[in-house]
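Read the figures in this text as sums done on the coordinates, not as results from a lab. Remember, it's a predicted structure, so these values are computed and weren't measured experimentally. Here the Cβ is made from the backbone with ideal geometry for all residues, glycine too, and neighbour counts use every protein chain on show.
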Amino acid sequence: MLDQYKKDGNKKMIAEMEKYYDLFSDDNTEPDMYSEKMHSYFASVRDKAMHENDVETLHNMDSVITGIFFPTLKMTDFTQTERLNIWRGKSFVSKAEISSGNFKASDVTTQFDISFYILAGKYDMTTDYELQKEYFQLVHADLKGFYLFENSAHSPLFEEPERAKNILIEDVINKKTYLSDT
């Protein structure tokens, strides 16, 4: 995103992002994802930059409120309580992640006694596609499927609903991986 701002000549956002540049070193050490400075970066600069560069939850989304929050409140397949609980859960998870301390790769579960599926958006900058693919390779499950959505960011269910629906109906419900990339 910083490179894109440099290309666009957006001096304000270049300066804003460079305040946090030291968080991401080139020496292959992982940054402290739970530091106050990192939290500030995610809470203010990163989200704004992602929205301005169309690498957010949905391509071409101007606001989480109008792009996702309001549409989820209108979903008729869920009760009003369930729709609100989506956002309560998101808030709870975000707070828990921030307060949990340093996250290590060894803390990640790789063994599953259930079928395991990843639906990944190619343009997802929230949950990087390459990292999802890497994690998928580490997972051990009786059945696992990886599905790349070529025209999606972080929400393939919203951006490519027909393909997502087909995967859920044909593969997930039937415990298959016919439509999987792998």
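Between residue 12 and residue 70, the modelled label-to-label distance comes to 2.4 nm, taking each label 7 Å out from Cα in the direction of the beta carbon. Sorting 130-141, 156-167 by average packing, meaning the other beta carbons within 10 Å per residue, from highest down gives 156-167, 130-141.
Grab the alpha carbons of the stretch 105-172, take their convex hull, and tell me the volume per residue in Å³.
84 Å³
So if each residue of separation counts as 0.36 nm, and I subtract the Cα-Cα distance between residue 87 and residue 2, what length gain in nm does that give? Walk me through the numbers before you get to the answer.
On the way: separation 85, 0.36 × 85 = 30.60 nm, distance 2.97 nm.
Extending this stretch completely gives an extra 27.6 nm.
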